[in-house]
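The structure appears below as structure tokens.
The values are calculated or read from the model by the stated rules, or taken from the named source; none is laboratory data. Just so it is clear, the model here is predicted, and its values are computed rather than measured. Cβ coordinates were reconstructed from backbone atoms using ideal geometry, including for glycine residues, and neighbour counts include every protein chain displayed. Side chains included, ligands, DNA and RNA excluded: accessible areas come from the protein's heavy atoms. Shrake-Rupley method; radii C 1.70, N 1.55, O 1.52, S 1.80 Å.
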Amino acid sequence: MVLDKVNKWYGAMHVLRDVTLSVATGERVVVCGPSGSGKSTMIRCINRLEQHQEGRIIVDNMELTDDTRSLDAIRREVGMVFQSFNLFPHLTVLENCTLAPIWVRHMPKKEAEALAMEYLARVKIPEQAHKYPGQLSGGQQQRVAIARALCMKPKIMLFDEPTSALDPEMIKEVLDTMVGLAETGMTMVCVTHEMGFARQVADRVVFMDRGEIVESGVPEQLFNDPKTDRLKTFLSQIL
Ligand code: ADP
Ligand code: MG
């Protein structure tokens, strides 16, 4: 996946400034930075929930353009997990997981269910398959959201602060699920301030501030030897 000099404005506000980032297959990148620095906007541009105005975004060798066919193709390859789990409340856990494979990938229902059960087992909640999201804890709902995204067999997974809406005792179960996913070799871009997670799985950490990538490097280097005052200030606030 490549972002090449991506710029985006909301009205007059310049929210992404020449953002350039490439993520190789199997690579894990953690994105951190203060609130309002453009992290969500960048993630949302990668699967076209938002549109950038300048620069290029290339996912799985396809450039993001207004062509709806390439957009559909890219959305099939990019899994997304949000802060607010965004499960369908009127569908069971299993139905949440089989909806897109059946309707978008045209997978037979039985096959989609078998696949969903496989991923629900991987996120360690197969016994919740027939419950509704409202009957689950926040941590369990987020693990369902991860399983649901995986059911589309994405080539890359994007996470936007997946643990920041969770009570502390549930953060670990979701992070453990993400570590497990990283161990399978999945390509991942994770916006998170969980620095323990970053140290454990990130090949690279990217620090954003005011719409720019200010620093990037391996976790040790970035956390132990920040070059800019902006990163020093940020780290002093979160650590
Ligand atoms: P982060 O995820 O790092 O907190 P965001 O990407 O959400 O930052 O926001 C970047 C900037 O863009 C912020 O100033 C925010 O207020 C603004 N912004 C985000 N979404 C919108 C929107 N839909 N319309 C207008 N401004 C927005
Ligand atoms: Mg955000």
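Among the candidates V174, V201, V214, V205, the residue that is open to solvent by less than 30 Å² (accessible area, probe 1.4 Å) and closer than 19 Å to P34 by Cβ is uniquely V205. Given the condition within 11 Å of ligand 1 (Cβ to nearest atom) and in a strand (DSSP E or B), answer yes or no: does some residue in segment 32-49 qualify? Within segment 32-49, one or more residues are within 11 Å of ligand 1 (Cβ to nearest atom) and in a strand (DSSP E or B).
If you go through segment 97-119, how many residues are open to solvent by 50 Å² or more (accessible area, probe 1.4 Å) and not acidic (D, E)?
10
Of all the criteria given as (1) out of contact with any Asp or Glu (no Cβ under 7 Å at 6 or more places or on another chain); (2) modelled with pLDDT of 95 or more; (3) within 23 Å of D209 (Cβ to Cβ), the one not satisfied by L49 is (2).
Condition check: assigned to a helix (DSSP H, G or I) and open to solvent by less than 80 Å² (accessible area, probe 1.4 Å). Does T65 satisfy that?
no
Number of residues in segment 217-229 that are open to solvent by less than 70 Å² (accessible area, probe 1.4 Å), out of contact with any Ser or Thr (no Cβ under 9 Å at 6 or more places or on another chain) and in a helix (DSSP H, G or I): the value is 2.
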